[in-house]
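Asker: I have a structure here, written as C-alpha coordinates, and I will follow up with some questions on it.
The values are calculated or read from the model by the stated rules, or taken from the named source; none is laboratory data. Treat the numbers as computed from the prediction; the structure is a model and nothing was measured. Backbone-built Cβ (ideal geometry, glycine too); neighbour counts: all protein chains shown. Heads up: the accessible areas ignore ligands, DNA and RNA and are worked out on the full protein's heavy atoms, side chains in. Shrake-Rupley method; radii C 1.70, N 1.55, O 1.52, S 1.80 Å.
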Amino acid sequence: MKKVCLIGLGCIGLPTACILSSKGFKVVGVDTNQKLVEELNQVNIDSLETGLAGLANSAIESGSFIPRLSPEEADVFMICVPTPPTDENKADLTYVKDAAKSILPYLRKGNLVILESTVPPGTTEEILKPILEKSGLKLGNELHLAYCPERVLPGNILKELVENDRIVGGINAESARLAKEVYGSFVEGEIYLTDATTAEMVKLVENSFRDVNIAFANELSGVCDKLNLNVWQVIELANKHPRVSILEPGPGVGGHCVAVDPFFIIEKAPHEVNLIKTARCVNDSMPDYIVEKVERAVRQAQIKNPIIACLGITYKAGTGDLRESPALKVIRRLREKGYIVRACDPYIKDFTEFPLFSLKEAVRGADCLVLLVDHKEFKKINPHELLKKMRGSLIIDTRGIWASNEPTYHKSLEDKRHLSSLPSR
Ligand code: SAJ
(Lines give C-alpha, C1' and ligand atoms only; values in the text may rest on other atoms or scores of the structure.)
Protein backbone atom coordinates (compact mmCIF):
# COMPACT_ATOMS: atom_id res chain seq x y z
CA MET A 1 0.00 0.00 0.00
CA LYS A 2 1.40 3.38 -1.00
CA LYS A 3 1.45 6.24 1.42
CA VAL A 4 0.58 9.80 0.41
CA CYS A 5 1.36 12.89 2.45
CA LEU A 6 -0.98 15.62 1.20
CA ILE A 7 -0.36 19.23 2.25
CA GLY A 8 -3.38 21.56 2.34
CA LEU A 9 -6.81 20.22 3.30
CA GLY A 10 -8.81 22.89 1.49
CA CYS A 11 -11.55 22.61 -1.12
CA ILE A 12 -9.31 20.50 -3.39
CA GLY A 13 -6.90 18.81 -0.96
CA LEU A 14 -9.58 17.39 1.33
CA PRO A 15 -11.67 15.64 -1.36
CA THR A 16 -8.48 14.41 -3.06
CA ALA A 17 -7.22 12.96 0.24
CA CYS A 18 -10.56 11.24 0.81
CA ILE A 19 -10.71 9.74 -2.67
CA LEU A 20 -7.11 8.50 -2.49
CA SER A 21 -7.78 6.85 0.87
CA SER A 22 -10.89 5.19 -0.57
CA LYS A 23 -8.67 3.71 -3.32
CA GLY A 24 -6.27 1.96 -0.97
CA PHE A 25 -3.71 4.68 -0.24
CA LYS A 26 -2.82 5.51 3.32
CA VAL A 27 -3.16 9.29 3.39
CA VAL A 28 -1.68 11.66 5.91
CA GLY A 29 -3.44 14.99 5.36
CA VAL A 30 -1.56 18.00 6.68
CA ASP A 31 -2.98 21.43 7.41
CA THR A 32 -1.76 24.35 9.51
CA ASN A 33 -5.36 25.11 10.55
CA GLN A 34 -5.51 23.48 13.99
CA LYS A 35 -9.28 23.86 14.28
CA LEU A 36 -9.84 22.06 10.97
CA VAL A 37 -7.49 19.21 11.91
CA GLU A 38 -9.25 18.84 15.27
CA GLU A 39 -12.70 18.85 13.67
CA LEU A 40 -11.60 16.26 11.12
CA ASN A 41 -10.14 14.03 13.81
CA GLN A 42 -13.33 14.33 15.86
CA VAL A 43 -15.19 13.08 12.75
CA ASN A 44 -17.12 16.32 12.91
CA ILE A 45 -16.76 17.83 9.45
CA ASP A 46 -19.61 19.51 7.65
CA SER A 47 -19.51 20.56 4.00
CA LEU A 48 -21.83 21.88 1.32
CA GLU A 49 -19.90 19.74 -1.21
CA THR A 50 -22.12 16.80 -2.10
CA GLY A 51 -20.96 13.61 -0.34
CA LEU A 52 -17.74 15.08 1.06
CA ALA A 53 -18.58 15.10 4.78
CA GLY A 54 -19.66 11.43 4.68
CA LEU A 55 -16.59 10.34 2.73
CA ALA A 56 -14.19 12.29 4.98
CA ASN A 57 -15.75 11.05 8.20
CA SER A 58 -15.69 7.39 7.14
CA ALA A 59 -12.10 7.64 5.80
CA ILE A 60 -10.96 9.06 9.14
CA GLU A 61 -12.91 6.46 11.14
CA SER A 62 -11.37 3.64 9.07
CA GLY A 63 -7.87 5.01 9.76
CA SER A 64 -6.98 5.29 6.06
CA PHE A 65 -6.96 9.11 6.25
CA ILE A 66 -5.06 10.74 9.09
CA PRO A 67 -5.34 14.53 9.47
CA ARG A 68 -2.24 16.04 11.09
CA LEU A 69 -0.52 19.36 11.70
CA SER A 70 2.87 18.36 10.27
CA PRO A 71 4.14 16.14 7.43
CA GLU A 72 5.75 12.73 7.72
CA GLU A 73 7.59 10.29 5.47
CA ALA A 74 5.60 8.95 2.53
CA ASP A 75 5.97 7.64 -1.04
CA VAL A 76 4.10 10.53 -2.64
CA PHE A 77 3.83 14.15 -1.49
CA MET A 78 1.00 16.28 -2.87
CA ILE A 79 0.86 20.05 -2.44
CA CYS A 80 -2.67 21.52 -2.62
CA VAL A 81 -2.25 24.88 -0.91
CA PRO A 82 -3.81 28.23 -1.93
CA THR A 83 -2.04 30.75 -4.16
CA PRO A 84 -4.04 33.92 -3.47
CA PRO A 85 -3.45 37.07 -5.52
CA THR A 86 -1.37 39.84 -3.93
CA ASP A 87 -2.54 43.48 -3.93
CA GLU A 88 -0.79 43.81 -7.32
CA ASN A 89 -2.70 40.77 -8.63
CA LYS A 90 0.39 38.59 -8.71
CA ALA A 91 0.39 35.02 -7.40
CA ASP A 92 1.40 34.83 -3.75
CA LEU A 93 3.50 31.64 -3.67
CA THR A 94 4.30 31.81 0.04
CA TYR A 95 2.14 28.77 0.89
CA VAL A 96 3.66 26.70 -1.93
CA LYS A 97 7.19 27.57 -0.81
CA ASP A 98 6.36 26.89 2.86
CA ALA A 99 4.77 23.54 1.97
CA ALA A 100 7.84 22.53 -0.05
CA LYS A 101 10.16 23.52 2.78
CA SER A 102 8.02 21.64 5.31
CA ILE A 103 8.42 18.31 3.47
CA LEU A 104 12.20 18.65 2.92
CA PRO A 105 13.21 16.65 6.04
CA TYR A 106 10.92 13.75 5.04
CA LEU A 107 11.95 13.31 1.39
CA ARG A 108 13.62 10.00 0.49
CA LYS A 109 15.10 8.49 -2.67
CA GLY A 110 12.33 7.34 -5.03
CA ASN A 111 9.70 9.79 -3.73
CA LEU A 112 7.36 11.71 -6.00
CA VAL A 113 6.24 15.30 -5.33
CA ILE A 114 3.11 16.60 -7.10
CA LEU A 115 2.03 20.25 -7.10
CA GLU A 116 -1.71 20.86 -7.67
CA SER A 117 -1.98 24.54 -6.68
CA THR A 118 -2.73 27.01 -9.49
CA VAL A 119 0.52 28.85 -10.27
CA PRO A 120 2.10 31.07 -12.94
CA PRO A 121 3.86 29.11 -15.71
CA GLY A 122 7.40 28.16 -14.70
CA THR A 123 6.73 27.83 -10.95
CA THR A 124 7.42 24.07 -10.74
CA GLU A 125 10.73 24.35 -12.61
CA GLU A 126 11.92 27.73 -11.33
CA ILE A 127 10.65 27.87 -7.75
CA LEU A 128 9.63 24.43 -6.49
CA LYS A 129 12.51 22.45 -8.00
CA PRO A 130 15.30 24.60 -6.44
CA ILE A 131 13.65 24.29 -3.00
CA LEU A 132 13.35 20.49 -3.30
CA GLU A 133 16.97 20.25 -4.46
CA LYS A 134 17.93 21.33 -0.94
CA SER A 135 16.97 17.79 0.13
CA GLY A 136 20.23 16.68 -1.48
CA LEU A 137 18.32 14.35 -3.84
CA LYS A 138 18.84 14.56 -7.59
CA LEU A 139 15.61 15.90 -9.14
CA GLY A 140 14.16 13.83 -11.97
CA ASN A 141 16.32 10.90 -10.93
CA GLU A 142 16.21 10.29 -7.17
CA LEU A 143 13.27 12.60 -6.56
CA HIS A 144 10.45 12.93 -9.09
CA LEU A 145 8.42 16.08 -9.56
CA ALA A 146 5.18 16.77 -11.47
CA TYR A 147 2.50 19.41 -11.78
CA CYS A 148 -1.12 18.32 -12.06
CA PRO A 149 -3.76 21.07 -11.90
CA GLU A 150 -7.15 20.41 -10.39
CA ARG A 151 -10.03 21.23 -12.76
CA VAL A 152 -13.17 20.51 -10.77
CA LEU A 153 -16.27 22.64 -10.41
CA PRO A 154 -17.03 23.71 -6.83
CA GLY A 155 -20.33 22.07 -5.87
CA ASN A 156 -19.60 19.01 -8.00
CA ILE A 157 -16.07 18.22 -6.86
CA LEU A 158 -16.23 14.53 -5.93
CA LYS A 159 -17.89 13.60 -9.22
CA GLU A 160 -15.59 15.73 -11.38
CA LEU A 161 -12.43 14.53 -9.57
CA VAL A 162 -13.25 11.06 -10.81
CA GLU A 163 -14.81 11.80 -14.20
CA ASN A 164 -12.79 14.72 -15.63
CA ASP A 165 -9.73 14.29 -17.81
CA ARG A 166 -6.45 15.31 -16.14
CA ILE A 167 -3.31 16.97 -17.43
CA VAL A 168 -0.08 15.77 -15.82
CA GLY A 169 3.16 17.64 -16.48
CA GLY A 170 6.45 16.22 -15.30
CA ILE A 171 9.90 17.79 -15.03
CA ASN A 172 10.83 14.71 -17.04
CA ALA A 173 8.96 11.80 -18.63
CA GLU A 174 9.50 9.46 -15.66
CA SER A 175 8.04 12.02 -13.21
CA ALA A 176 4.95 12.42 -15.42
CA ARG A 177 4.56 8.65 -15.72
CA LEU A 178 4.73 8.12 -11.96
CA ALA A 179 2.20 10.90 -11.30
CA LYS A 180 -0.13 9.34 -13.87
CA GLU A 181 -0.04 6.11 -11.84
CA VAL A 182 -1.28 7.98 -8.76
CA TYR A 183 -4.15 9.72 -10.61
CA GLY A 184 -4.94 6.52 -12.52
CA SER A 185 -6.06 5.00 -9.20
CA PHE A 186 -9.22 7.16 -9.15
CA VAL A 187 -9.57 9.13 -12.42
CA GLU A 188 -11.94 7.59 -14.93
CA GLY A 189 -11.29 10.28 -17.57
CA GLU A 190 -8.19 10.39 -19.78
CA ILE A 191 -4.85 11.40 -18.24
CA TYR A 192 -2.69 13.36 -20.69
CA LEU A 193 1.06 13.70 -20.14
CA THR A 194 3.16 16.78 -20.89
CA ASP A 195 5.87 18.94 -19.33
CA ALA A 196 5.27 20.83 -16.07
CA THR A 197 5.20 24.36 -17.53
CA THR A 198 2.69 23.43 -20.25
CA ALA A 199 0.43 21.87 -17.60
CA GLU A 200 0.64 25.07 -15.51
CA MET A 201 -0.29 27.15 -18.55
CA VAL A 202 -3.17 24.84 -19.51
CA LYS A 203 -4.81 25.40 -16.13
CA LEU A 204 -4.64 29.19 -16.49
CA VAL A 205 -5.84 29.05 -20.09
CA GLU A 206 -8.95 27.08 -19.09
CA ASN A 207 -10.11 29.69 -16.61
CA SER A 208 -9.05 32.60 -18.85
CA PHE A 209 -11.11 31.08 -21.67
CA ARG A 210 -14.12 31.18 -19.36
CA ASP A 211 -13.38 34.71 -18.18
CA VAL A 212 -13.00 36.05 -21.73
CA ASN A 213 -16.19 34.35 -22.86
CA ILE A 214 -18.20 35.60 -19.87
CA ALA A 215 -16.84 39.09 -20.64
CA PHE A 216 -18.22 38.76 -24.16
CA ALA A 217 -21.64 37.86 -22.75
CA ASN A 218 -21.44 40.77 -20.28
CA GLU A 219 -20.53 43.18 -23.06
CA LEU A 220 -23.51 41.95 -25.05
CA SER A 221 -25.76 42.66 -22.08
CA GLY A 222 -24.65 46.33 -22.13
CA VAL A 223 -25.22 46.53 -25.89
CA CYS A 224 -28.66 44.92 -25.59
CA ASP A 225 -29.59 47.26 -22.71
CA LYS A 226 -28.72 50.21 -24.93
CA LEU A 227 -30.71 48.82 -27.85
CA ASN A 228 -33.58 47.81 -25.57
CA LEU A 229 -33.26 44.14 -26.44
CA ASN A 230 -33.56 41.08 -24.26
CA VAL A 231 -29.96 39.79 -24.08
CA TRP A 232 -31.11 36.38 -22.89
CA GLN A 233 -33.20 35.88 -25.99
CA VAL A 234 -30.42 37.21 -28.26
CA ILE A 235 -27.94 34.72 -26.76
CA GLU A 236 -30.35 31.81 -26.76
CA LEU A 237 -31.15 32.31 -30.43
CA ALA A 238 -27.50 32.92 -31.43
CA ASN A 239 -26.61 29.67 -29.63
CA LYS A 240 -28.92 27.80 -32.01
CA HIS A 241 -26.03 28.11 -34.51
CA PRO A 242 -24.06 24.84 -34.41
CA ARG A 243 -20.73 26.59 -33.81
CA VAL A 244 -21.83 29.33 -31.39
CA SER A 245 -21.94 28.79 -27.63
CA ILE A 246 -22.13 32.08 -25.74
CA LEU A 247 -21.98 32.00 -21.94
CA GLU A 248 -24.32 33.89 -19.63
CA PRO A 249 -24.09 37.53 -18.62
CA GLY A 250 -24.41 38.38 -14.95
CA PRO A 251 -23.34 40.82 -12.24
CA GLY A 252 -19.66 39.90 -12.75
CA VAL A 253 -17.26 37.02 -12.21
CA GLY A 254 -16.47 35.80 -8.72
CA GLY A 255 -14.87 32.84 -6.99
CA HIS A 256 -11.22 32.17 -6.36
CA CYS A 257 -10.42 30.80 -9.83
CA VAL A 258 -11.88 32.44 -12.93
CA ALA A 259 -11.58 35.97 -11.49
CA VAL A 260 -7.98 35.38 -10.39
CA ASP A 261 -6.16 32.95 -12.71
CA PRO A 262 -6.01 35.25 -15.78
CA PHE A 263 -3.80 37.58 -13.71
CA PHE A 264 -1.19 34.80 -13.46
CA ILE A 265 -0.88 34.89 -17.27
CA ILE A 266 -0.85 38.70 -17.27
CA GLU A 267 1.93 38.57 -14.66
CA LYS A 268 4.15 36.51 -16.97
CA ALA A 269 3.38 38.20 -20.31
CA PRO A 270 1.99 41.69 -19.55
CA HIS A 271 2.56 43.11 -23.03
CA GLU A 272 1.01 40.20 -24.92
CA VAL A 273 -2.42 40.13 -23.30
CA ASN A 274 -4.84 42.79 -24.55
CA LEU A 275 -7.86 40.51 -24.70
CA ILE A 276 -7.30 38.78 -21.36
CA LYS A 277 -6.73 42.14 -19.61
CA THR A 278 -9.79 43.70 -21.25
CA ALA A 279 -11.96 40.74 -20.24
CA ARG A 280 -10.87 41.18 -16.62
CA CYS A 281 -11.79 44.89 -16.83
CA VAL A 282 -15.20 44.15 -18.40
CA ASN A 283 -16.07 41.55 -15.78
CA ASP A 284 -14.76 43.68 -12.91
CA SER A 285 -16.88 46.61 -14.07
CA MET A 286 -20.12 44.63 -13.92
CA PRO A 287 -21.03 45.24 -10.24
CA ASP A 288 -20.82 49.02 -10.86
CA TYR A 289 -22.86 48.61 -14.03
CA ILE A 290 -25.61 46.82 -12.09
CA VAL A 291 -25.54 49.52 -9.38
CA GLU A 292 -25.97 52.18 -12.09
CA LYS A 293 -28.87 50.20 -13.53
CA VAL A 294 -30.58 50.07 -10.14
CA GLU A 295 -30.00 53.78 -9.55
CA ARG A 296 -31.34 54.69 -13.00
CA ALA A 297 -34.42 52.53 -12.49
CA VAL A 298 -35.35 54.04 -9.10
CA ARG A 299 -34.62 57.56 -10.39
CA GLN A 300 -36.83 57.12 -13.43
CA ALA A 301 -39.59 55.62 -11.29
CA GLN A 302 -39.20 58.70 -9.03
CA ILE A 303 -38.99 56.65 -5.85
CA LYS A 304 -37.64 58.51 -2.83
CA ASN A 305 -35.65 56.49 -0.25
CA PRO A 306 -36.26 53.23 -2.10
CA ILE A 307 -36.10 49.89 -0.33
CA ILE A 308 -34.01 47.51 -2.42
CA ALA A 309 -34.33 43.75 -2.00
CA CYS A 310 -31.25 41.83 -3.15
CA LEU A 311 -31.64 38.10 -3.79
CA GLY A 312 -28.35 36.22 -3.36
CA ILE A 313 -24.95 37.27 -2.05
CA THR A 314 -22.69 34.31 -2.99
CA TYR A 315 -20.31 34.23 -5.97
CA LYS A 316 -22.49 31.77 -7.87
CA ALA A 317 -25.49 29.51 -7.52
CA GLY A 318 -25.64 26.57 -5.13
CA THR A 319 -22.67 27.55 -2.97
CA GLY A 320 -22.13 29.38 0.32
CA ASP A 321 -18.80 30.73 -1.00
CA LEU A 322 -18.48 34.52 -0.85
CA ARG A 323 -14.98 34.92 -2.28
CA GLU A 324 -14.81 37.74 -4.86
CA SER A 325 -18.61 37.63 -4.99
CA PRO A 326 -19.93 40.22 -7.48
CA ALA A 327 -23.33 40.06 -5.75
CA LEU A 328 -21.71 41.10 -2.48
CA LYS A 329 -19.94 43.97 -4.28
CA VAL A 330 -23.26 45.22 -5.66
CA ILE A 331 -24.86 45.12 -2.20
CA ARG A 332 -21.87 46.82 -0.53
CA ARG A 333 -21.92 49.64 -3.09
CA LEU A 334 -25.66 50.17 -2.76
CA ARG A 335 -25.29 50.33 1.01
CA GLU A 336 -22.30 52.74 0.73
CA LYS A 337 -24.50 54.98 -1.40
CA GLY A 338 -27.03 55.06 1.44
CA TYR A 339 -29.76 52.84 0.01
CA ILE A 340 -31.86 50.68 2.32
CA VAL A 341 -30.86 47.20 1.21
CA ARG A 342 -32.48 43.98 2.39
CA ALA A 343 -30.37 41.06 1.24
CA CYS A 344 -31.20 37.38 1.54
CA ASP A 345 -29.39 34.16 0.68
CA PRO A 346 -30.51 30.63 1.60
CA TYR A 347 -26.88 29.36 1.49
CA ILE A 348 -25.46 31.79 4.07
CA LYS A 349 -25.78 31.11 7.78
CA ASP A 350 -23.19 33.09 9.73
CA PHE A 351 -22.76 36.53 8.28
CA THR A 352 -21.92 39.56 10.36
CA GLU A 353 -21.09 42.36 7.89
CA PHE A 354 -24.72 43.46 7.54
CA PRO A 355 -28.08 41.97 8.50
CA LEU A 356 -29.55 39.29 6.25
CA PHE A 357 -33.28 38.77 5.86
CA SER A 358 -35.51 35.88 4.91
CA LEU A 359 -36.80 36.04 1.34
CA LYS A 360 -40.22 37.06 2.62
CA GLU A 361 -38.85 39.86 4.81
CA ALA A 362 -36.55 41.10 2.06
CA VAL A 363 -39.29 41.36 -0.55
CA ARG A 364 -42.16 42.66 1.61
CA GLY A 365 -42.64 46.38 0.88
CA ALA A 366 -39.56 46.62 -1.39
CA ASP A 367 -39.55 49.12 -4.24
CA CYS A 368 -36.93 47.40 -6.33
CA LEU A 369 -35.87 43.76 -6.42
CA VAL A 370 -32.41 42.84 -7.71
CA LEU A 371 -31.85 39.17 -8.47
CA LEU A 372 -28.09 38.63 -8.11
CA VAL A 373 -27.59 34.85 -7.81
CA ASP A 374 -29.46 32.14 -9.71
CA HIS A 375 -29.87 29.79 -6.72
CA LYS A 376 -32.38 27.01 -7.49
CA GLU A 377 -34.54 28.30 -4.62
CA PHE A 378 -35.00 31.60 -6.51
CA LYS A 379 -35.53 29.94 -9.90
CA LYS A 380 -38.65 28.23 -8.53
CA ILE A 381 -40.26 31.55 -7.63
CA ASN A 382 -42.90 33.16 -9.82
CA PRO A 383 -41.75 36.79 -10.00
CA HIS A 384 -45.36 37.97 -10.20
CA GLU A 385 -45.97 36.53 -6.73
CA LEU A 386 -43.04 38.64 -5.52
CA LEU A 387 -44.42 41.73 -7.23
CA LYS A 388 -47.65 41.33 -5.26
CA LYS A 389 -45.68 41.60 -2.00
CA MET A 390 -43.58 44.56 -3.10
CA ARG A 391 -44.45 48.23 -2.78
CA GLY A 392 -42.90 49.12 -6.13
CA SER A 393 -42.65 47.14 -9.34
CA LEU A 394 -39.00 47.30 -10.38
CA ILE A 395 -37.31 43.97 -10.96
CA ILE A 396 -33.75 43.78 -12.20
CA ASP A 397 -32.91 40.19 -13.02
CA THR A 398 -29.11 40.12 -13.51
CA ARG A 399 -29.05 36.36 -14.16
CA GLY A 400 -31.94 36.09 -16.57
CA ILE A 401 -33.77 33.41 -14.59
CA TRP A 402 -37.13 35.04 -15.18
CA ALA A 403 -36.39 36.35 -18.66
CA SER A 404 -39.07 35.56 -21.16
CA ASN A 405 -38.29 34.01 -24.52
CA GLU A 406 -41.03 36.11 -26.07
CA PRO A 407 -39.88 38.87 -28.39
CA THR A 408 -40.65 42.41 -27.17
CA TYR A 409 -42.16 43.99 -30.27
CA HIS A 410 -42.50 47.42 -28.70
CA LYS A 411 -39.80 49.92 -27.86
CA SER A 412 -40.45 50.39 -24.16
CA LEU A 413 -38.92 53.06 -21.96
CA GLU A 414 -35.58 52.13 -20.49
CA ASP A 415 -36.89 51.51 -16.97
CA LYS A 416 -39.59 49.23 -18.33
CA ARG A 417 -36.93 47.11 -19.98
CA HIS A 418 -36.44 45.08 -16.84
CA LEU A 419 -40.11 44.32 -16.53
CA SER A 420 -40.51 43.71 -20.23
CA SER A 421 -38.28 40.68 -19.82
CA LEU A 422 -40.80 39.13 -17.44
CA PRO A 423 -43.73 37.07 -18.67
CA SER A 424 -46.86 39.22 -18.58
CA ARG A 425 -49.09 38.98 -15.53
N1 SAJ B 1 -20.40 33.04 -14.54
C2 SAJ B 1 -21.10 33.93 -15.35
N3 SAJ B 1 -21.58 33.48 -16.53
C4 SAJ B 1 -21.40 32.19 -16.95
C5 SAJ B 1 -20.68 31.30 -16.13
C6 SAJ B 1 -20.20 31.75 -14.93
O7 SAJ B 1 -21.28 35.11 -15.01
O8 SAJ B 1 -21.90 31.87 -18.04
C9 SAJ B 1 -19.83 33.51 -13.27
C10 SAJ B 1 -20.33 32.73 -12.05
O11 SAJ B 1 -21.54 33.23 -11.59
C12 SAJ B 1 -19.18 32.95 -11.08
C13 SAJ B 1 -17.94 32.98 -11.99
O14 SAJ B 1 -18.44 33.26 -13.28
O15 SAJ B 1 -19.30 34.20 -10.44
C16 SAJ B 1 -17.12 31.70 -11.99
O17 SAJ B 1 -17.98 30.57 -12.00
P18 SAJ B 1 -17.66 29.24 -12.83
O19 SAJ B 1 -18.77 28.29 -12.57
O20 SAJ B 1 -17.37 29.59 -14.24
O21 SAJ B 1 -16.29 28.75 -12.26
P22 SAJ B 1 -15.66 28.38 -10.82
O23 SAJ B 1 -14.73 29.52 -10.46
O24 SAJ B 1 -16.67 27.99 -9.82
O25 SAJ B 1 -14.78 27.11 -11.24
C26 SAJ B 1 -13.83 27.24 -12.30
C27 SAJ B 1 -14.01 26.07 -13.26
N28 SAJ B 1 -13.30 26.36 -14.50
C29 SAJ B 1 -13.84 26.18 -15.71
O30 SAJ B 1 -14.98 25.81 -15.88
C31 SAJ B 1 -12.96 26.45 -16.88
C32 SAJ B 1 -13.50 24.79 -12.64
O33 SAJ B 1 -13.52 23.73 -13.56
C34 SAJ B 1 -12.08 24.99 -12.12
O35 SAJ B 1 -11.57 23.85 -11.51
C36 SAJ B 1 -12.13 26.08 -11.10
O37 SAJ B 1 -12.55 27.27 -11.76
C38 SAJ B 1 -10.76 26.24 -10.48
O39 SAJ B 1 -10.59 25.83 -9.32
O40 SAJ B 1 -9.85 26.72 -11.16
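Asker: Divide, for the range 244-292, the radius of gyration over alpha carbons by 2.2 N^0.38 Å, where N is the residue count.
Answerer: Values: Rg = 12.0 Å, N = 49, 2.2 N^0.38 = 9.7 Å.
That works out to 1.24 for the range 244-292.
Asker: Another question, if that's okay. When the accessible area of the range 1-46 is computed with all protein chains present and a 1.4 Å probe, what percentage of it is carbon and sulfur?
Answerer: Ligands and nucleic acids excluded, carbon and sulfur give 47 percent.
Asker: For the range 172-235, state which GluC sites (Glu not before Pro) are in a DSSP loop and have at most 13 other beta carbons lying within 10 Å of their beta carbon.
Answerer: Sites meeting the loop and neighbour criteria: E188, E190.
Asker: Here's another thing I want to ask about it. Sort 262-269, 24-31 by packing, meaning the average of other beta carbons within 10 Å per residue, with the highest value first.
Answerer: Answer by packing, highest mean first, reads 24-31, 262-269.
Asker: Which one of G392, G170, G252 has the biggest mean-square fluctuation once the chain is modelled by GNM with Cα springs under 10 Å?
Answerer: Top of the fluctuation ranking is G392.
Asker: Here's something else I'd like to know. Can you give the convex hull volume per residue for the Cα atoms of the range 167-259, as a whole number of Å³? If you can, show how the numbers build up before the last one.
Answerer: On the way: hull volume 12.2 nm³, N = 93.
Dividing the Cα hull volume of the range 167-259 by its residues yields 131 Å³.
Asker: Compute the distance from the alpha-carbon center of the range 107-165 to that of the range 297-365, in whole Å.
Answerer: 40 Å
Asker: Right, next: Rank I127, I45, I308 by accessible area, highest first, at a 1.4 Å probe radius?
Answerer: Values: I127 55, I45 25, I308 0 Å².
Sorted descending by solvent-accessible area, the residues read I127, I45, I308.
Asker: Considering the alpha-carbon set of the chain alone, what are its Rg and its Dmax in angstrom?
Answerer: For the chain, the Cα radius of gyration and maximum Cα-Cα distance read 24.1, 75 Å.
Asker: Rank these by accessible area, largest first, 1.4 Å probe: C224, C11.
Answerer: C11, C224
Asker: Moving on. How much accessible surface area, in Å² rounded to 10, belongs to the heavy atoms of E236 with a 1.4 Å probe?
Answerer: The value for E236 is about 80 Å².
Asker: Name the most mobile residue of K240, K134, K293, meaning the one with the largest mean-square fluctuation, in a Gaussian network model of the chain with Cα contacts below 10 Å.
Answerer: Result: K240 has the largest fluctuation of those listed.
Asker: If you don't mind, another one. Magnitude of the Cβ-charge dipole of the range 317-401, K/R +1 and D/E -1, about the Cα centre, nearest 20 debye?
Answerer: Numbers: 17 positive and 12 negative charges, 46 e Å.
In total the dipole reaches around 220 debye.
Asker: Which helices, taking whole DSSP H runs in the chain, have alpha carbons extending 24 angstrom or more along the helix axis plus mean Kyte-Doolittle at least -0.5?
Answerer: Result, helices passing both filters: 196-226, 274-300.
Asker: Quote to one decimal, in nm, the extra length available between E133 and L153 on full extension: 0.36 nm per residue of separation minus the C-alpha distance between them.
Answerer: Computed gain between E133 and L153 is 3.8 nm.
Asker: With a Förster radius of 56 Å, plug the Cβ-Cβ distance of T86 and E385 into 1/(1 + (r/R0)^6) and report the FRET value to the nearest 0.05.
Answerer: With R0 = 56 Å, the Cβ-Cβ based efficiency is 0.75.
Asker: Let me have the relative contact order for the chain, percent, based on Cα pairs under 8 Å that are six or more residues apart.
Answerer: 11 percent
Asker: Binning at 5 Å from 0, report for the range 118-188 what percent of all alpha-carbon pair distances ends up in each bin.
Answerer: 3, 16, 22, 21, 17, 12, 6, 2, 0
Asker: Another question, then. Keeping all protein chains in the complex and leaving out DNA, RNA and ligands, what accessible area do you get for H241 with a 1.4 Å probe, in Å² to the nearest 10?
Answerer: Here the residue's solvent-accessible area equals roughly 80 Å².
Asker: Just the projected area, averaged over all directions, of the convex hull on the alpha carbon atoms of the range 207-307: how many nm²?
Answerer: About 8.3 nm², averaged over all directions.
Asker: Okay, moving on. Tell me, what is the per residue accessible area of the chain in Å², probe radius 1.4 Å? List each step's numbers first, then the result.
Answerer: Working: 19730 Å² over 425 residues.
Accessible surface, normalised per residue, equals 46 Å².
Asker: How do Y315, Y289 rank by accessible surface area computed with a 1.4 Å probe, from largest to smallest?
Answerer: Of Y315, Y289, the descending order of accessible area is Y289, Y315.
Asker: Could I ask something else about it? Give me the dipole magnitude in Debye, nearest 20, for the chain about the Cα centre, with unit charges on the beta carbon: positive for Lys and Arg, negative for Asp and Glu.
Answerer: 1260 debye
Asker: With a 1.4 Å probe and every protein chain left in place, tell me how much accessible area L193 has, in Å² to the nearest 10.
Answerer: Accessible area, nearest 10 Å²: 80 Å².
Asker: Continuing with this model, one more query. At 0.36 nm per residue, and after removing the present C-alpha to C-alpha distance, how many nm does the segment from I303 to F186 gain when stretched out fully? Don't skip to the answer; put the middle values down first.
Answerer: Details: separation 117, 0.36 × 117 = 42.12 nm, distance 5.78 nm.
In short, 36.3 nm is gained.
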